[in-house]
Amino acid sequence: MANWQRGVMRLMRIPNHAVTVTVIHDYTPCYRRITFTAPDLVNQLEVFPTLWLRLWVPHPAKGEGHLSQRGYTFVDIRPDEGTFALDFILHEQPGPAGDWAKNAAIGQRLDVALTPARISLPEKATEVILAGDTTALPAINTWIDAIPTHLPVSVAIEDDHDDLAGLPCAARENVTWTWVGPEATRGAALAAHLTGSEHARPGLYAWAAGEKTLIKHVRSVFRDHLQLDRSSQFTQFYWIHGKATG
Ligand SMILES: Cc1cc2nc3c(=O)[nH]c(=O)nc-3n(C[C@H](O)[C@H](O)[C@H](O)COP(=O)(O)OP(=O)(O)OC[C@H]3O[C@@H](n4cnc5c(N)ncnc54)[C@H](O)[C@@H]3O)c2cc1C
């Protein structure tokens, strides 16, 4: 099958950058950080919270040599060392990116592409909510690094693993972390938690990312319960339960 995604990116003149695996570290059996060296790419990065890339991974089910793209969030960018890392959820369902990460080896090379859409905290923000599932944890950590320490931040993540204490969570004063166990409907428990929490308004900014149904629930809380307008909230779905990205 033709690599139409790569064709579209070429037409849009979006360049690819080669990156090489240098370190593989498992925080838990399901959460793996892979560090890449890519000095040219790292030196041209304009860093802002949630900055992500498109990783081109082999997709053998679509044909020999076929590459598919998947979104992953930059973490631990080190310009002096020319390195950055990506945190991978090693999910059970097969998928080219998750499978690649499970089998990654030092020295492996991949291509990545950038299509940054800048996001920043509104100047009027006095309090921040960061929510989602564990795919949003890398982005949440980048937010916490960027938000001024005097602003209170409430993090709420829906996940039922029993080894959550092993995950990398940015430490900083004025941040509360809440892990919410899921109910039958994905996102319902997270929405209930957010609805039951007290927050300052105006000045509240809310951001969320994760699975599509979960985000639908969280978006309703932001919009209908917290009554946040578009300038005070941002939500993005990162993946769809039971459906491959393409
Ligand atoms: C902007 C952006 C940033 C992202 N950042 C990160 C990040 O930093 N770290 C990260 O791990 N993910 C991140 N994601 C999500 C990641 O791109 C998706 O999880 C993607 O579907 C993984 O691709 P795959 O090839 O492994 O699986 P796919 O081929 O897309 O899907 C195969 C199967 O696996 C299931 N699946 C996919 N992802 C998950 C999951 N997380 N948990 C359980 N089941 C899953 C699907 O429902 C499907 O059944 C990000 C996505 C976007 C759009």
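Read-outs throughout are calculated quantities, based only on the coordinates presented, and are distinct from any laboratory measurement. Here the structure is a predicted model, which means the values were calculated and not measured. All Cβ positions, even for glycine, are placed from backbone atoms using ideal geometry, and neighbour counts span all protein chains on display.
Okay, here's what the table says:
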quantity	calculated
Point-to-point label distance, R78-A165, nm (Cα→Cβ direction, 7 Å offset)	2.8
Per-pair calculated FRET efficiency, R0 = 25 Å: R223 and A192 via Cβ, rounded to 0.05	0.95
Sorted largest first, extent of segment 1-159 alpha carbons per principal axis (Å)	52, 36, 29
Label-point separation, E183 to E64 (7 Å along Cα→Cβ), nm	5.2
Residues whose placed amide H lies under 5 Å from that of S68, excluding near-sequence neighbours	V57, H59
In degrees, nearest ten, helix 137-146 long axis to first principal axis of the chain (Cα)	70
222 nm mean residue ellipticity, helices alone, for the chain (DSSP H n ≥ 4; -39,500 (n - 2.57); rounded to 500)	-5000 deg cm²/dmol
Mean Cα-pair separation over length for segment 127-239, i.e. relative contact order, pairs under 8 Å, 6 or more apart, %	30
Relative contact order [Cα under 8 Å, 6+ residues apart], the chain, whole percent	18
Model label zone, T213; criterion: amide N under 14 Å from point 7 Å along Cα-to-beta-carbon; scope segment 170-201	182-191
Leading residue at positive end of dipole, the chain (Cβ point charges), from A105, L151, Y238	Y238
Stretchable slack from N103 to D40, in nm (0.36 nm times residue separation minus alpha-carbon distance)	20.1 nm
Residue-by-residue Karplus 3J(HN,Hα) for segment 57-70, coefficients 6.51, -1.76, 1.60, Hz, glycine and proline x	10, x, 10, x, 4, 9, x, 5, x, 6, 10, 10, 9, 9
Label point at E123 placed 7 Å out along Cα→Cβ; residues across segment 142-166 whose backbone nitrogen lies under 20 Å	146-152
Rounded Å value of the spacing that divides the Cα centres of segment 32-104 and segment 132-183	21
